[in-house]
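Colleague: The following block contains the structure, expressed as structure tokens.
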Amino acid sequence: ALDVFEQIAGEIYGQWADALTSRSQELLRTLDTDYDAIHFDPRTLQIRVALKGHTNILQTNQLRSQLSLGTREQLSLIARLAVSRYLSRDRRLPLILDEPFANSDDERFARLMRLLLGELSREHQIIIASCHRQRHEWLKAQAPDLFAERVHWCALRPLGSP
């Protein structure tokens, strides 16, 4: 019985790995980054990252030492979005993100927000919790068309404050 369960689990992991890799490629293509895909290992679902135009594939243990915090943050978001989309079976579930780009430079922040607002917000309700309103206002000034119909601000205050 254990062998049968291991065989079934292996087949499912293989299916997940293929689907997650494919979804990550779609998202990375939309972002136009230096990365071709996040490959999910068919046995463990650990991630490896393929660089565009290279045969190099960064293994999970190399990601921390060879990529900036902002790049890791970006790839982590793409991996989470791929998993979310796969497990939701393409249902339009809300995405809730808490400071998703805190470690990204302005260029990466703008590119990732454009992905969220320009692409993903057409399919999902996206809720972003952030204490960096200035950064979002900066992007609004840069790309007012993204904010016009898609962004609704909500400022939370402690109970009892005006």
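Colleague: Considering only the other residues whose Cβ falls under 14 Å of the Cβ of residue 54, what net charge follows from Lys and Arg at +1 and Asp and Glu at -1? All intermediate terms of the calculation are to be shown ahead of the outcome.
Modeller: Working: positive: 48, 52; negative: 34, 36.
Counting the neighbours of residue 54, the net charge comes to 0.
Colleague: Could you work out how far apart the two model spin labels at residue 132 and residue 72 are, taking each label as a point 7 Å from the Cα in the direction of the beta carbon, and quote it in nm?
Modeller: Reported label-point gap for residue 132 and residue 72 is 1.6 nm.
Colleague: Could you list log10 I(q)/I(0) for segment 74-131 at q = 0.12, 0.13, 0.14 Å⁻¹, which the Debye formula gives when each Cα is one point scatterer?
Modeller: -0.27, -0.31, -0.37
Colleague: Could you let me know the centre-to-centre spacing of segment 66-84 and segment 97-126, using Cα atoms, in angstrom?
Modeller: Computed from Cα coordinates, the inter-centre distance equals 12 Å.
Colleague: State which helices in the chain qualify, where a helix is a whole DSSP H run, it must extend 24 Å or more along its own axis by its Cα atoms, and its mean Kyte-Doolittle hydropathy must be at least -1.0.
Modeller: Working: long enough: 2-31 (42 Å, -0.09); 69-87 (27 Å, 0.36).
Flagged H segments are 2-31, 69-87.
Colleague: Just from its helices, what would the mean residue ellipticity at 222 nm be for the chain, if runs of 4 or more DSSP H residues each count -39500 (n - 2.57) and the sum is divided by every residue, rounded to the nearest 500 deg cm²/dmol?
Modeller: Working: 6 runs with 80 residues, N = 162.
Only helices count here, giving -15500 deg cm²/dmol.
Colleague: A follow-up question, please. For every other residue with a beta carbon closer than 14 angstrom to the beta carbon of residue 11, add +1 if it is Lys or Arg and -1 if Asp or Glu, then tell me the sum.
Modeller: Working: positive: 43; negative: 3, 6, 18.
Net local charge, residue 11 excluded: -2.
Colleague: For segment 1-140, what log10 I(q)/I(0) values come out of the Debye formula at q = 0.09, 0.12, 0.17, 0.18 1/Å, with one point per alpha carbon and no solvent?
Modeller: Log10 I(q)/I(0), no solvent term: -0.31, -0.53, -0.99, -1.08.
Colleague: Taking the alpha carbon gyration tensor of segment 118-157, what are the square roots of 5 times its eigenvalues, largest first, to the nearest whole Å? Intermediate values should be presented prior to the final figure.
Modeller: Values: eigenvalues 58, 42, 13 Å².
Semi-axes (√(5λ), whole Å): 17, 14, 8.
Colleague: Just to confirm, what accessible area per residue do you get for the chain at 1.4 Å probe, in whole Å²? Please report the intermediate quantities before stating the final value.
Modeller: Values: 10610 Å² over 162 residues.
With all protein chains present, the chain gives 65 Å² per residue.
Colleague: A follow-up question, please. So how many Å³ per residue does the convex hull of the Cα atoms of segment 2-74 work out to? Numbers along the way, then the final one.
Modeller: Details: hull volume 6.9 nm³, N = 73.
That works out to 94 Å³ per residue.
The values are calculated or read from the model by the stated rules, or taken from the named source; none is laboratory data. Bear in mind that the values here come from a model prediction, so they are computed numbers and not experimental data. No Cβ is skipped: glycine too gets one built from the backbone with ideal geometry, and neighbour counts run over all protein chains shown. With ligands, DNA and RNA removed, areas are computed over all heavy atoms of the protein, side chains included. Shrake-Rupley method; radii C 1.70, N 1.55, O 1.52, S 1.80 Å.
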